[in-house]
1. Restricting attention to region 39-53, report how many residues are surrounded by fewer than 16 Cβ atoms within 10 Å (Cβ to Cβ) and either touching a residue at least 12 places away in the same chain (Cβ under 8 Å) or assigned to a strand (DSSP E or B) (or both).
2. So is residue 68 in contact with an Asp or Glu (Cβ under 6 Å, 6 or more places away or on another chain) and in a strand (DSSP E or B) or not?
3. Quick one: in region 93-106, of everything that is buried (at least 17 other Cβ atoms within 10 Å of the Cβ) and under 11 Å from the mean Cα position of the chain (by Cα), which residue is nearest to residue 36 (Cα to Cα)?
4. Please work out if residue 117 is within 23 Å of residue 31 (Cα to Cα), small (Gly, Ala, Ser) and either surrounded by 15 or more Cβ atoms within 10 Å (Cβ to Cβ) or touching a helix residue (DSSP H, G or I) at 6+ places or on another chain (Cβ under 8 Å) (or both).
5. What are the pairs, 6+ residues apart or on separate chains, where a residue within region 91-111 that is touching a residue at least 40 places away in the same chain (Cβ under 8 Å) and more than 14 Å from residue 52 (Cα to Cα) has its Cβ under 6 Å from a residue that is among the hydroxyl-bearing types (Ser, Thr, Tyr) and not in a helix (DSSP H, G or I)?
6. Any residue that is at pLDDT below 95, under 17 Å from the mean Cα position of the chain (by Cα) and small (Gly, Ala, Ser) - is there at least one of those in region 107-118?
Amino acid sequence: GDIAEVARGIAADGWPRIAVPRTSRAVHIKDAGEIVSRHYVRLSLADTPGSLAAAAGVFGDHGVSIQAALQKSMPEERKGFATVVVMTHQAAQSDLDAALAALSRLPCCGAPPCRLGIED
């Protein structure tokens with residue numbers, strides 16, 4: 001099949017030949033900030049009253065809605081902090097980027113937030 005054809009092309013002259021469909025329509029490539037999807041976000045927050053509320057407020061201030069959240073206490077070496085994993089509803093990447101930048105500046109944030117996009 002296709003894999004064998006690519007392999008033959010590589011063996012013949014070192015370059016596989018892959019057909020790329022052409023179109024006469026104009027193609028718009030979105031800026032990364034325009035991409036809308038759900039995300040997983042991992043936060044390290046101080047395990048104190050109000051930390052989760054502060055983080056949730058930042059998401060809301062940037063138009064990012066939280067679909068679900070899970071909080072777990074950290075192991076002994078990170079005592080005093082909790083890991084919070086948030087799943088968002090659909091949000092523009094630019095809005096989430098702004099929210100993550102603001103979250104990292106919170107006094108209760110113990111480490112830079114980590115994000116993983118979800119492709120539905």
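1. If we filter region 39-53 for residues that are surrounded by fewer than 16 Cβ atoms within 10 Å (Cβ to Cβ), which is where we start, we get 40, 42, 48-50, 53.
Imposing the further condition that a residue be either touching a residue at least 12 places away in the same chain (Cβ under 8 Å) or assigned to a strand (DSSP E or B) (or both) reduces the set to 40, 42, 48, 50.
Residues in region 39-53 being surrounded by fewer than 16 Cβ atoms within 10 Å (Cβ to Cβ) and either touching a residue at least 12 places away in the same chain (Cβ under 8 Å) or assigned to a strand (DSSP E or B) (or both): 4 in total.
2. On the way: in contact with an Asp or Glu (Cβ under 6 Å, 6 or more places away or on another chain): no; in a strand (DSSP E or B): yes.
Here the answer is no, as residue 68 does not meet what is asked.
3. Within region 93-106, the match that is nearest to residue 36 (Cα to Cα) is 93.
4. Values: within 23 Å of residue 31 (Cα to Cα): yes; small (Gly, Ala, Ser): yes; either surrounded by 15 or more Cβ atoms within 10 Å (Cβ to Cβ) or touching a helix residue (DSSP H, G or I) at 6+ places or on another chain (Cβ under 8 Å) (or both): yes.
Considered against the rule, which asks whether it is within 23 Å of residue 31 (Cα to Cα), small (Gly, Ala, Ser) and either surrounded by 15 or more Cβ atoms within 10 Å (Cβ to Cβ) or touching a helix residue (DSSP H, G or I) at 6+ places or on another chain (Cβ under 8 Å) (or both), residue 117 comes out as yes.
5. 111/44
6. Within region 107-118, one or more residues are at pLDDT below 95, under 17 Å from the mean Cα position of the chain (by Cα) and small (Gly, Ala, Ser).
The values are calculated or read from the model by the stated rules, or taken from the named source; none is laboratory data. All values derive from a computational prediction rather than experimental measurement. Backbone-built Cβ (ideal geometry, glycine too); neighbour counts: all protein chains shown.
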